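Notes for the one structure printed next.
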Amino acid sequence: MTGKTSNQKAWLFVLPVVVLVAFNALIPLMTVVNYSVQETFGDNVFFWEGLRWYEEVLHSERFHASLLRQITFTSIILLIEVPLGVAIALAMPRRGPWVPVCLVLMALPMLIPWNVVGAMWNIFALPEIGLLGKTINSLGINYNFTQQPLAAWFTTILMDVWHWTSLVVLLAYAGLCSIPAPYYQAAKIDGARGWAIFRYIELPKMKRVLTIAILLRFMDSFMIYTEPFVLTGGGPGNATTFLSIDLVKIALGQFDLGPAAAMSLIYFLIVLLLSWVFYTLMMRHEER
Amino acid sequence: MSGIGLKDIRHSYLRNPKSDEDWALKHISLDWSDGGAYALLGPSGCGKTTLLNIISGLIAPSEGRVWFGDQDVTEIPPDQRNIAQVFQFPVVYDTMTVYENLAFPLRNRGVPKGDIEARVREIAAMLDLTDMLSRRASGLTADGKQKISLGRGLVRSDVNVIMFDEPLTVIDPHLKWVLRSKLKELHQQVGSTMIYVTHDQTEALTFADLVVVMHEGTVVQIGTPVELFESPKHTFVGHFIGSPGMNVLPCEIDQGAPILAGWKIEVETRVEQTMGGARLEIGVRPEFVSFSSDGIPVEIVKVNDAGRYRIIDTRHGHIHIKLLVAEDDALPSESAYIRFDPAHTHVYADGWIIDGNSQ
């Protein structure tokens, strides 16, 4: 470390950020950690429980079930939204008067508040009065998302696809628009056609933005709460009770603050771990 | 194939071009023979890239026909035209290795595997890429990538014309020279027609046997580097080629000879007085102006040292005339006079040269 000047004043400049991060991240997180190792019956009386809540959550059938539901849901929407988003982005015009029209249409679903999306789809899918529900039933298919688990899943997935495919579309479209024209011209001269152009030019150039799109969609869908809460409330039964809905039920429904805190930390670690795995895998592929 | 013919090409990027300025290419007819090295030279926006893209088929001309030999190729798509093109920014397929990049055009055309292998190795050797064949193309430097783009054209045995669209723009200066010599060498080795678009006169003059100078959507002169230098057909060519460019000085005509600010200038061509209100100018390159004991009296304004010679900026009244003087020649001390070399002094009417042929 010779030759470097040491200046303690630097701390002063970093202080605002430290305070900010402390208040919006560290302190709340530590409060949760605090809850997760104790038992309380109110009145600010706490009993030390150690790792008991963690063990309980990790061994609970209920947690396993909601985690499985969560993973299934996230996998399905990623499998639908990413290819669909790329397909729509490829079909969108790159220039001309229709570009702003398409962009606004695409952005619209994302501008609607999440609880409104849930309420909209709830009414839209009601079997007696909703346009979607009524139409499906009039086709001779018995559809009632408030009673049939399969119908509830179908509606929730359809709603999420409607709400969030645009994000993938816009990111993929931005990636496509950044490809310089000579790439297409060179491919044309080299005799490449449809699939080869997509595989060797468009897909490699979209890789970065698609990585971000997949990561964002993974995190958001893994933490989904508002829309299914408003649409199905986690039902029928527990059919659409995803992790966050389950968590709220335990924390605010049953007031089991200790187990809820332990569960939210485990939940947080799962999201963190999976995001890290996704990111490393995709980045490693990039470097190869 | 035997050469490229452009017949009455006009092109506009607008759907309904109205005024003259709406046309990117105003009216172009050209005939190029097979196997030549040509350059399209002109400033940015003169239409040279448009013309190149019309030849390669990336753009369909608004009017006119493109002929390759005796075949009309105007409607034929680029991949069936026996052409290859190298772009300003190197285009490589990032996910592929250098080998796969070079093999790509052949694979798309269904060439048998063994033939691809042999051909790719042959071209890689020509371009000094053999050591890099198994590397990822995205990891190469700009000049390496540009060689790959060129290689993808060379591997195809059906390619007769290779086109370059300012290919050295992103190459480091010290490698520009190397790559340019490589191109020249390849041209002799491969024997295909090469068309080189650039705004850099050095690149054009060193690469091409015949240079096409373009200005505002028209061809102003086609000639060998020497012709462009010694008898520019248009004052634009005089300005654009040469460093510094040609002196262009307003003049009048009296008894068949140009008069510059009252001084009679000797030229080899007799100029008729019937130029009918055209804008008349004398054009003489700084290389052909010299100090002498008599002639036009001037005052020396500025001396720029350019290494082997000096560029002298002189003034007669409000007319500025540049001339070159060798590094060790003395400058006149007080009263200076200059004269023009009659063999290399030309008269221009409305920008176009007046010579024995055109009258």
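The values are calculated or read from the model by the stated rules, or taken from the named source; none is laboratory data. Everything numeric in this text was worked out from a predicted model, so none of it was measured. Positions of Cβ are generated from backbone atoms using ideal geometry, with glycine treated the same way; all protein chains shown enter the neighbour counts.
Given the criterion at pLDDT 85 or above and either at the interface with another protein chain (Cβ under 9 Å from one of its Cβ atoms) or surrounded by fewer than 14 Cβ atoms within 10 Å (Cβ to Cβ) (or both), identify the matching residue among B:SER134, B:SER62.
The conditions single out B:SER134.
Looking at A:ILE77, A:ILE88 in this structure, which one is of a type outside the set (S, T, N, Q), in contact with a helix residue (DSSP H, G or I) (Cβ under 6 Å, 6 or more places away or on another chain) and more than 20 Å from A:PHE242 (Cβ to Cβ)?
Only one candidate passes the filter, namely A:ILE88.
Considering B:PHE164, B:PHE87, B:PHE104, which residue is under 22 Å from A:ARG193 (Cβ atoms), among the aromatic types (Phe, Trp, Tyr), at pLDDT 85 or above and within 29 Å of the chain's Cα centre (by Cα)?
B:PHE87
Tell me the strands (runs of 3 or more DSSP E) entirely within segment B:246-329 that contain at least 1 residues that are free of Cβ contacts under 8 Å to residues at least 60 places away in the same chain and within 26 Å of the chain's Cα centre (by Cα).
B:289-292, B:309-316, B:319-326
Of the conditions (1) β-branched (Val, Ile, Thr); (2) under 30 Å from B:LEU179 (Cβ atoms); (3) surrounded by fewer than 18 Cβ atoms within 10 Å (Cβ to Cβ); (4) in contact (Cβ under 8 Å) with a residue 12 or more places away in the chain, B:VAL226 clears all except one; give me its number.
(4)
Only one residue in A:THR40, A:THR31 is of a type in the set (Val, Ile, Thr) and modelled with pLDDT under 85. Which one?
The conditions single out A:THR40.
Determine, yes or no, whether A:ALA151 is away from chain B (no Cβ under 11 Å) and out of contact with any Ser or Thr (no Cβ under 9 Å at 6 or more places or on another chain).
When the stated conditions are applied, A:ALA151 passes them.
Considering only segment B:77-95, I want to know if a residue exists there that is part of a helix (DSSP H, G or I) and either more than 11 Å from chain A (Cβ to nearest Cβ) or in contact with a Leu (Cβ under 7 Å, 6 or more places away or on another chain) (or both).
Yes, because at least one residue in segment B:77-95 is part of a helix (DSSP H, G or I) and either more than 11 Å from chain A (Cβ to nearest Cβ) or in contact with a Leu (Cβ under 7 Å, 6 or more places away or on another chain) (or both).
Among the numbered criteria (1) free of Cβ contacts under 8 Å to residues at least 12 places away in the same chain; (2) within 14 Å of chain A (Cβ to nearest Cβ), which single criterion is violated by B:ALA125?
(2)
Any idea which of B:ASP350, B:ASP328, B:ASP313 is exposed (fewer than 11 other Cβ atoms within 10 Å of the Cβ), out of contact with any helix residue (DSSP H, G or I) (no Cβ under 8 Å at 6 or more places or on another chain) and charged (D, E, K, R)?
Sole residue among the options that is exposed (fewer than 11 other Cβ atoms within 10 Å of the Cβ), out of contact with any helix residue (DSSP H, G or I) (no Cβ under 8 Å at 6 or more places or on another chain) and charged (D, E, K, R): B:ASP328.
Please enumerate the residues belonging to segment A:202-214 that are charged (D, E, K, R) and either under 30 Å from B:ILE59 (Cα atoms) or buried (at least 18 other Cβ atoms within 10 Å of the Cβ) (or both).
A:GLU202, A:LYS205, A:LYS207
May I ask you to list pairs of residues, at least six apart or on different chains, whose Cβ atoms are under 6 Å apart, with the first in segment A:128-150 being touching a residue at least 40 places away in the same chain (Cβ under 8 Å) and the second being in a helix (DSSP H, G or I) and crowded, with 17+ Cβ neighbours inside 10 Å?
A:PHE145/A:ALA125; A:PHE145/A:ALA151; A:PHE145/A:ALA152; A:PHE145/A:THR155
A:LEU231 - would you say it is aliphatic (A, V, I, L, M), surrounded by 18 or more Cβ atoms within 10 Å (Cβ to Cβ) and within 24 Å of A:MET120 (Cβ to Cβ)?
It is true that A:LEU231 is aliphatic (A, V, I, L, M), surrounded by 18 or more Cβ atoms within 10 Å (Cβ to Cβ) and within 24 Å of A:MET120 (Cβ to Cβ).
How many of the residues in segment B:208-245 are assigned to a helix (DSSP H, G or I) and within 23 Å of B:ARG308 (Cβ to Cβ)?
8
Results for (1) among the β-branched types (Val, Ile, Thr); (2) out of contact with any helix residue (DSSP H, G or I) (no Cβ under 6 Å at 6 or more places or on another chain), shown as yes or no for each residue.
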position: A:VAL14; (1), (2): yes, yes
position: A:ALA22; (1), (2): no, yes
position: A:SER36; (1), (2): no, no
position: A:VAL45; (1), (2): yes, yes
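Please go through (1) within 14 Å of chain B (Cβ to nearest Cβ); (2) closer than 30 Å to A:ASN122 by Cβ; (3) polar (S, T, N, Q) for A:SER166 and return the number of the only condition it doesn't satisfy.
Of the numbered conditions (1) within 14 Å of chain B (Cβ to nearest Cβ); (2) closer than 30 Å to A:ASN122 by Cβ; (3) polar (S, T, N, Q), the odd one out for A:SER166 is (1).
Have a look at A:ARG217, A:ARG199 and point out the one that is among the basic types (Lys, Arg), within 30 Å of B:PRO105 (Cα to Cα) and either surrounded by 15 or more Cβ atoms within 10 Å (Cβ to Cβ) or without any contact (Cβ under 8 Å) to a residue 24 or more places away in the chain (or both).
A:ARG199
Consider B:ILE55 carefully, then state whether it is outside any loop (DSSP other than H, G, I, E, B), β-branched (Val, Ile, Thr), more than 9 Å from every other protein chain (Cβ to nearest Cβ) and under 30 Å from B:GLU216 (Cβ atoms).
So B:ILE55 fits the description; yes.
When A:THR241 is evaluated against the numbered criteria (1) at pLDDT below 85; (2) part of a loop (DSSP other than H, G, I, E, B), which criterion, by number, is the only one it fails?
Unmet condition: (1).
Look through B:HIS344, B:HIS320 and report the one residue that is surrounded by fewer than 19 Cβ atoms within 10 Å (Cβ to Cβ) and closer than 18 Å to B:VAL237 by Cα.
B:HIS344
So, in segment B:107-122, how many residues would count as being in a loop (DSSP other than H, G, I, E, B) and either more than 14 Å from chain A (Cβ to nearest Cβ) or under 32 Å from the mean Cα position of the chain (by Cα) (or both)?
Counting residues in segment B:107-122 that are in a loop (DSSP other than H, G, I, E, B) and either more than 14 Å from chain A (Cβ to nearest Cβ) or under 32 Å from the mean Cα position of the chain (by Cα) (or both) gives 1.
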